[in-house]
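Trainee: Handing you a structure now.
Computed from the coordinates by the stated procedures, all read-outs in this text should not be read as laboratory data. Computed from a prediction, not measured in an experiment: that's the story for all the values here. Virtual Cβ from ideal backbone geometry, glycine too; neighbours counted across all protein chains shown.
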Amino acid sequence: MSFVPNLCTPAQVFVLLETIHVLFRTFFPKRERPLLSRLKIFILYALLIVGWTTVINYSCDSSDNHLVWVLVLIPSIFGMFIWNK
């Protein structure tokens, strides 16, 4: 994870929060799933984290820092609604 120090602060926070979230969902699923299904979900989440981190990191160059923090919170807010279903 040598790329993390090169990220802006909001992107670092996002990577930390989403990594914890993905590990929690992988090892403590809401319902029992086969291992292959959990592996597919883990890979999908990993790709989404990389993509969204890239978007956040590029947005850090703009002058509006509040928008970047909103981008950090969007996946967490959607995740809360999906997780409760």
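Trainee: Starting from the Kirkwood Rh over alpha-carbon pairs, what translational D in µm² s⁻¹ does the chain have by Stokes-Einstein at 20 °C and 1.002 mPa s? Before the final figure, lay out each step's value.
Mentor: Details: Rh = 13.8 Å.
Rounded, D is 156 µm²/s.
Trainee: Please find the FRET efficiency linking residue 74 to residue 24, where r is the Cβ-Cβ separation and R0 is fixed at 25 Å, and quote it to the nearest 0.05. All intermediate terms of the calculation are to be shown ahead of the outcome.
Mentor: Details: r = 19 Å, r/R0 = 0.76.
With R0 = 25 Å, the Cβ-Cβ based efficiency is 0.85.
Trainee: How many nm is it between the label spots at residue 43 and residue 16, if each spot is 7 Å from the Cα in line with the beta carbon?
Mentor: Spacing of the two 7 Å Cα→Cβ label points: 3.0 nm.
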